[in-house]
Amino acid sequence: MLARQLASKGLVTLVNPNFVRPGVTPYALDILCSHLEVAGFDVDVLDLTFRRDDWRLEEYFANHRPMLVGVTLRNAGSVQPQEQRVFLPDHLAVIDGIRALSDAPIVLGGAGFSSMPYAALEYFRTPFGVKGPGEMILCQLAEALATGVSPENVPGLLLWDGTTVHVSAGGEHPIAGRSLGPQLTTVYRRRSGERYRVDNREYYDRGGLGNLLTKNGCPFACNHCIEPDAKGGSMSLRTIPSIVDELESMVAQGIYDIHTTDSEFNIKPAHGKALLREIIARRESAASPLRNLRLWIYAHPVPFDAELADLLAEAGCKGVSLSAEHMCRENLAVWEAPYGRVGLAYTIDDVWKTTTMLSERGIIITTELLLGLPGENLTTLKRTLDESLQLPTTVIGYTLGLQVFPHAPLGYRFAAESNGANIIRGLQSNTARSNIFLKPIDRCESMIEYERQFWFDEDYRLRPVFYFSPDLPEDPETIARPDGKWVKTIRWIQNYVPKSEHYRVALPTIAGDGGDDNNYADNPFLQRAVALGYKGAYYSWWRDRDRITAEALAQGVAI
């Protein structure tokens, strides 16, 4: 081990503290490993997903002396509006465990971190943080530490000095993805069965899916969404050969079901079509592992044409998760793009067109709808439920409410309207002990204070902020309470959707509702299904959940 470290620039250890089941492959760590190795560093991965109760940190750090430890925070919480589970204390316990065993500085990153980077550095008390894609900045930080250069010289790096957070070299608030550029050429190595690496095959065997990035960032602006803030507002496209080479490598390892991790696959349709054509061309070879590929993607209703649908079918696409979002977008101002930026404008006719094209080609579809955002009332709710149930989709997912993030457009809007003194009807937290007031950035002493108020109350107790439209059929007493729960609306939705349709819908639920629970994190049904060997996106077997659950219970499958 010592000889290996002497032959390199140093050892960087990457840690995944995500304990959610079914496990989601920490793809970011494969990306970071690939870049660090090219830059001349040794890399180890400590993946704790399948070690909830046995982290083995002592065993590792007794024999390894990393120069830098990177911790990925994929999710700060479940974002499920009814559960409102927060993962920060679990992550803190892991980071404290690392601190007790190693003197190496810790750098944080990941989508969950990037949604609240200043407040996160204060909470975790770590010296470094990277907002957005971290491969470039992490390599530059490792190089600085290896050569004795001050981390202050690493562009875009966030630094915590024990009191405040600042951007390196006196820079401004970092913009996610700025350092990546328009094209990504690095080939990401995906491994299975190697010690101190992400075990992609194990995640497939125990989670049912592999994952793949074809492009990064999102150029659009939607009021409720943090993707442009966390991943970058400009697009970075991976080269087609590097993507397909990676796909072939994964399928050759026995990972047949692979889901794209792009914000939406069809944001840059020409790039997506070129990728699919290359997959199709390689599948023509009898020796190509891609003949066994089953592809799953996220997509918007537009832009989507018959050519894209044909290419998806021919390339082995089995399912599309369609972000239809709402059936009355034109009636709710929340869907208008903020800041004068371009937004994805589409109508129910576009949703019908896309779902019809996909279903005619035998591709499984789930439509994901967001209910209860500003302006939602009983009329728009009924129309959305009625029209969505007519779509030719396999599954329809409904989410009531949403988490309000500090740097999402809705977060800025609510902070401005509250102005530190005004109650915003509909703002809520299950753990709130008093009314929720938010202050805009210009009234906060620091970015830490601004971000902190979306996750903690004035006494620094965890209190994530959520929103549910106050114009829904809820009791006035519930709406007036800062911890009021929109249970009446949930029951109204469950009763309004015909029982004959329940087999193909994922409804909003509350604790104790059983098999219809639509929360991914630690979902009992999903854990039982993957334990039985089911593969692919969850919606491909959602309709059979009663039978699968009975089968798992009969076989004594433990979760």
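None of the figures in this text is laboratory data; all of them are computed from the coordinates on show. Only a predicted model underlies this, so the values are computations on that prediction, with no experimental measurement involved. A quick note on method: Cβ atoms are made from the backbone with ideal geometry, for glycine too, and the neighbour counts reach across all protein chains shown.
Odds and ends about this structure:
- Region 539-553 and region 78-120 have Cα centres spaced 33 Å apart.
- Amide hydrogen proximity for Val505: with H placed 1.01 Å from N in the peptide plane, the residues at 5 or more positions away or on another chain lying under 5 Å are Ile396.
- Mean projection of the Cα convex hull over all viewing directions, computed for the chain: 25.2 nm².
- Distance from the C-alpha centroid of region 448-518 to that of region 13-34: 29 Å, rounded to the whole angstrom.
- Low-density loop cleavage sites - GluC sites (Glu not before Pro) in region 107-172, where at most 11 other Cβ are within 10 Å (DSSP): Glu172
- Estimated vicinal HN-Hα couplings, Hz - region 79-92 in sequence order (Karplus 6.51, -1.76, 1.60; Gly, Pro = x): 6, 6, x, 8, 6, 6, 6, 10, 9, 4, x, 5, 5, 4
- Region 362-380 residues near the modelled Glu314 label - backbone nitrogen below 19 Å, point 7 Å along Cα→Cβ: 362-364
- 12 Å beta-carbon shell around Thr164, net charge (K/R +1, D/E -1): -4
- For the chain, cysteines whose Cβ has no other cysteine Cβ within reach (under 4.7 Å): Cys33, Cys139, Cys218, Cys317, Cys328, Cys444
- Calculated FRET efficiency, Arg189 to Ala480, Cβ-Cβ distance, R0 = 41 Å: about 0.15 to the nearest 0.05.
- Across region 44-148, the relative contact order, built from alpha-carbon pairs under 8 Å that are at least six residues apart, equals 26 percent.
- What you get for region 2-170, charging only the Cβ of Lys and Arg (+1) and of Asp and Glu (-1), is a dipole of about 160 debye around the Cα centre.
- Surrounding net charge for Glu248, when Lys and Arg each add one and Asp and Glu each subtract one, Cβ distance under 12 Å: +1
- Contour minus Cα-Cα distance for Tyr496 and Thr164 (0.36 nm per residue): 114.5 nm
- Computed from backbone phi, the HN-Hα couplings of region 482-495 come to x, 10, x, 10, 7, 5, 4, 5, 4, 5, 5, 4, 4, 7 Hz, rounded to whole numbers (Karplus: 6.51 cos²θ - 1.76 cosθ + 1.60, θ = phi - 60°; Gly and Pro given as x).
- Residues Ile510 and Asn419, FRET efficiency given R0 of 30 Å [Cβ-Cβ distance, rounded to 0.05]: 0.40
- One decimal place: the segment Arg547-Val38 gains 178.4 nm when fully extended, by the rule 0.36 nm per residue minus the C-alpha distance.
- Cross-link pairs Lys353/Lys535; Lys231/Lys499; Lys215/Lys353 - those with Cα-Cα distance over 32 Å: Lys231/Lys499
- Rounded to 5, the percent of DSSP beta bridges in the chain classed as antiparallel: 25
- Near Gly70, the amide H atoms lying under 5 Å from its own belong to Thr13, Leu14, Val15, Val107; only residues 5 or more places off or on other chains count, and H is placed 1.01 Å from N.
- Here is the list for region 330-431: GluC sites (Glu not before Pro) lying in DSSP coil, each with at most 15 other C-beta atoms within 10 angstrom of its C-beta, are Glu336.
- Taking θ as phi - 60° and the Karplus parameters 6.51, -1.76 and 1.60, the scalar couplings of region 544-559 work out to 9, 5, 5, 5, 5, 4, 4, 4, 5, 5, 5, 8, x, 5, 9, 10 Hz in sequence order, x denoting glycine and proline.
- Average Cα contact separation per residue, region 460-559, under 8 Å, 6 or more apart, as relative contact order %: 18
- Mean Cα-pair separation over length for the chain, i.e. relative contact order, pairs under 8 Å, 6 or more apart, %: 12
- Tensor-based shape of region 2-170 (alpha-carbon gyration tensor, a/c under 1.5 rounded, otherwise prolate or oblate): oblate
- For Ser192, the residues whose amide H sits under 5 Å from its own are Asn200, ignoring neighbours fewer than 5 places away on the same chain, with H placed 1.01 Å from N.
- FRET efficiency for the pair Asp459 and Asp205, taken as 1/(1 + (r/R0)^6) with r the Cβ-Cβ distance and R0 = 41 Å, rounds to 0.40.
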